[in-house]
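Here the structure comes first, spelled out in structure tokens, and everything after it is commentary.
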Amino acid sequence: MTVRLFNTMSRKIEDFQPLAAGKVGFYSCGPTVYHYAHIGNLRYFIQNDILKRMLIENDYDVTHVMNITDVGHLTSDADSGEDKMEKGAARDNKSVWEIARFYTDEFLKDFDDLNLVRPTFMPKATDYIQEQIDLVKKLEELGYTYTIEEDGIYYDTSKFPGYGKLTGGSLSGNRAGARVEFNSSKRNPTDFALWKFSPKDEKRQMEWDSPWGIGFPGWHTECCAMSMKLLGNHFDIHAGGEDLSRVHHNNEIAQSEPIVGAPWVKYWLHTSFLVDKSGEKMSKSNGEFLNMDALRKRGYDPMVYKYMVLLSHFQAQLAFSWEGLDAASNGYKNIIKKVAALIDADDNTNVDKTIYDDWHKKILSSVSDNLKTAEALVYVQELLKDQSVNSATKLALFEFIDRLLGLQFLARAKKLKAAEEEVAPQEIQKLANKRIEAKKEKNWALADELRNQIDQAGWSVIDTKDGAKLVKKS
Ligand code: AMP
Ligand code: ZN
């Protein structure tokens, strides 16, 4: 099936043609582990997962690399300000290495809870310092670098004619790095640090020796060094959040293409932001954000958040609201109930291959067409309603839908059924019987109190026409 993707480089939706038949090299910029991932970050990781699942369903052999940024980026794009990792360590009263490990583990818990397929490789920036030094050395040999005393080795963007091409900028006019503060020692405002020197009067927790002295790599080198090492000099897809295109990705291109030739990467994909009601980007650095735990504490299943994300398109900003999440929760639970009913419907049918292929194609085409997940979810609803499709075919299609979207519809439906079938322990049944008595005696206060007790013990009482039913809460 044809895969079509919006390529930030060409600003067009293009037919996807891999560099090597049947194979895809995919690099996605990973988390900076100085704090919890917020649900905006997670939106982006969900979108990458959908891209990967869609390619796999189209029979591509995907090698996915996602880095873990555990070395400090400076809080400003101008290569100045505080080091994010050192700042996070001071906030948590731990070492930089400890917080890197802690927040990586926390991130991976969310990653797994969202049922995202683990990348083929998850390199840590601190494990690839030598490769980053080698990259800077190559750029130095090619004449792209200069030194700013007591600061670092910088990249001279005026030496790279295509600088800023990803976002349509150039050194004059609409500058790719225009938001970068002016540093008077730089030759050009868009120049960026390749290697920063450690301050003479300060011992940093993370620093390494290099041909230029003790210091640490600039924040754009890791993605180039690690992707080239693990995916080869050229690869198919590079992804990031929308904030990364203008500075980080333009700088990655400027560092790579003089070494490997253009184009370094064929397709660039950028996920738009999750914003709040007033349109503000959810951001880690200002410290005010919602993480997955905040949602869990309010009783939301991470899968509900994922469902909400997939109801939007990755190129459109998504405004988060609790009402939106509640609506997604109802929609998600409704699908689960309907799938559970399908499991119940024993109509002795077999999978109808023609009908299966038809729906498979419809749903996969939507996601293959620039990741139209919302359209695919409309088809999912239509499939559930379609009386002409038997339950065996529907269930087989749900196996495919779960592979493609990773929403665990079948697993959750089975869990719901198991909960419905679980027999309540005697003490809960006793409470339920007492409640029936209380209701007969019209003692509503006691009946309510008993319902609360049952609820707190993890069971729900559902009054049906055949009497009260006890269902284990999921
Ligand atoms: P970080 O952990 O800050 O390095 O960010 C990890 C990824 O999340 C990057 O690709 C960012 O572009 C992306 N990102 C950051 N904030 C948001 C947001 N509010 N919505 C969507 N993606 C985001
Ligand atoms: Zn990156």
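Each reported figure results from applying straightforward, stated rules to the coordinates on display, with no laboratory input. Please read all numbers here as calculations on a predicted model, not as lab measurements. Positions of Cβ are generated from backbone atoms using ideal geometry, with glycine treated the same way; all protein chains shown enter the neighbour counts.
Of the cross-linked pairs Lys442/Lys472; Lys109/Lys203; Lys23/Lys361; Lys84/Lys165, which ones have a Cα-Cα span greater than 31 Å in the structure shown?
Working: Lys442/Lys472 26 Å; Lys109/Lys203 33 Å; Lys23/Lys361 21 Å; Lys84/Lys165 28 Å.
Checking Cα-Cα distances, Lys109/Lys203 exceed 31 Å.
Step through the residues of the stretch 143-153 one at a time and calculate ³J(HN,Hα) from phi using the Karplus curve (6.51 cos²θ - 1.76 cosθ + 1.60, θ = phi - 60°), rounding each to whole Hz and writing x for Gly and Pro.
So the J values, rounded to whole Hz, are x, 9, 10, 8, 9, 10, 3, 6, 9, x, 9.
If packing is taken as the mean number of other Cβ atoms within 10 Å per residue, what is the order of 186-194, 217-225, highest first? All intermediate terms of the calculation are to be shown ahead of the outcome.
Details: 186-194: 22.2, 217-225: 26.2.
So the peptides 186-194, 217-225, ranked by packing, come out 217-225, 186-194.
Amide H neighbours of Glu82 under 5 Å, counting only residues 5+ apart in sequence or on other chains, H built in-plane at 1.01 Å?
Correct list: Thr75, Ser76.
Tell me which residues come under 5 Å, amide H to amide H, from Glu14 once H is placed; ignore anything under 5 positions away on its chain.
Distant-sequence amide H within range of Glu14: Leu5, Phe6, Asn7.
Lys372 to Ser198: extension gain in nm, 0.36 nm per residue of separation minus the Cα-Cα distance? Each step should come with its number before you reach the end.
Values: separation 174, 0.36 × 174 = 62.64 nm, distance 4.66 nm.
Result for the pair: 58.0 nm of gain on full extension.
Roughly how big is the stretch 321-420's charge dipole about its Cα centre, with Cβ charges of +1 (Lys, Arg) and -1 (Asp, Glu), in debye to the nearest 20? Before the final figure, lay out each step's value.
Working: 14 positive and 15 negative charges, 48 e Å.
Taking the Cα centre of the stretch 321-420 as origin, the dipole is about 240 debye.
I'd like the Karplus ³J(HN,Hα) series for the stretch 299-305: coefficients 6.51, -1.76, 1.60, θ = phi - 60°, whole numbers in Hz, and an x wherever there's a Gly or Pro.
Per residue, the Karplus-derived 3J(HN,Hα) values read x, 8, 6, x, 5, 5, 4 Hz.
Output the 0 to 90 degree angle, nearest 10, between the alpha-carbon long axis of helix 391-405 and the longest principal axis computed from the alpha carbons of the chain.
It works out to around 30 degrees.
If each residue's Cβ is checked for other Cβ atoms within 10 Å, how do Glu202, Glu82 rank with the fewest at the top?
Details: Glu202 8, Glu82 13.
Ranking Glu202, Glu82 by Cβ neighbours within 10 Å, fewest first, gives Glu202, Glu82.
For the stretch 423-472, compute the orientation-averaged projected area of the C-alpha convex hull (one quarter of its surface), in nm². Don't jump to the answer; show the numbers that get you there.
Numbers: hull surface 12.5 nm².
Averaged projected area of the stretch 423-472's Cα convex hull equals 3.1 nm².
Looking only at the chain, where both bridge partners belong to it, what percent of the DSSP beta bridges are antiparallel (to the nearest 5)? Each step should come with its number before you reach the end.
Working: 26 of 47 bridges.
Roughly 55 percent of the DSSP beta bridges within the chain come out antiparallel.
Which value in deg cm²/dmol, rounded to the nearest 500, describes the helix-derived mean residue ellipticity at 222 nm for the chain, given -39,500 (n - 2.57) per DSSP H run of n ≥ 4 and division by the residue count? If you can, show how the numbers build up before the last one.
On the way: 15 runs with 204 residues, N = 474.
Calculated from helices alone, the mean residue ellipticity at 222 nm is -14000 deg cm²/dmol.
Give me the extension gain from Val275 to Glu82: residue separation times 0.36 nm, minus the current Cα-Cα distance, reported in nm with one decimal.
Numbers: separation 193, 0.36 × 193 = 69.48 nm, distance 2.52 nm.
Difference between extended and current length: 67.0 nm.
Normalised radius of gyration for the chain, please: alpha carbon Rg relative to 2.2 N^0.38 Å, two decimal places.
Values: Rg = 26.5 Å, N = 474, 2.2 N^0.38 = 22.9 Å.
Normalised by 2.2 N^0.38 Å, the Cα Rg of the chain equals 1.16.
Would you mind checking the tilt of helix 409-421 against the longest principal axis of the Cα atoms of the chain, expressed as 0 to 90 degrees and rounded to 10?
30 degrees
Could you give P(r) for the stretch 321-420, binned at 10 Å from zero, as whole percent values over all Cα-Cα pairs?
Each 10 Å bin holds this share of Cα pairs: 15, 47, 31, 6, 0.
Rounded, prolate or oblate: which fits the stretch 4-271 when a ≥ b ≥ c are the square roots of the eigenvalues of the alpha-carbon gyration tensor, with rounded for a/c under 1.5 and prolate only if a/b beats b/c?
Details: a/c = 1.74, a/b = 1.18, b/c = 1.48.
Oblate.
If amide hydrogens are placed 1.01 Å from N in the peptide plane, which non-local residues have theirs closer than 5 Å to the one on Lys469?
Ile462, Asp463, Thr464
Explain nothing, just compute: Karplus ³J(HN,Hα) = 6.51 cos²θ - 1.76 cosθ + 1.60, θ = phi - 60°, for every residue of the stretch 448-456 in order, whole Hz, x for Gly and Pro.
Coupling constants for the stretch 448-456: 5, 4, 5, 4, 4, 4, 5, 4, 5 Hz.
Over the stretch 346-419, what is the mean sequence separation of C-alpha contacts under 8 Å (at least six apart), divided by residue count, expressed as relative contact order in percent?
35 percent
What's the exposure ranking of Ser184, Ser28, going from fewest to most Cβ atoms within 10 Å? The partial results should precede the final answer.
Working: Ser184 5, Ser28 25.
Going from least to most buried by this count: Ser184, Ser28.
So what's the angle, to the nearest 10 degrees on a 0 to 90 scale, between helix 250-260 and the longest Cα principal axis of the chain?
The angle comes out at about 60 degrees.
Given Cβ point charges of +1 (Lys, Arg) and -1 (Asp, Glu) and nothing else, what value in debye, to the nearest 20, does the dipole of the chain about its Cα centre take? The partial results should precede the final answer.
Values: 62 positive and 70 negative charges, 239 e Å.
Result for the chain is approximately 1140 debye, rounded to the nearest 20.
Treat the count of other C-beta atoms within 10 Å as a stand-in for reagent exposure and order His238, His313 from fewest to most. Spell out each step's value before the answer.
On the way: His238 28, His313 18.
With the sparsest Cβ surroundings first, the list reads His313, His238.
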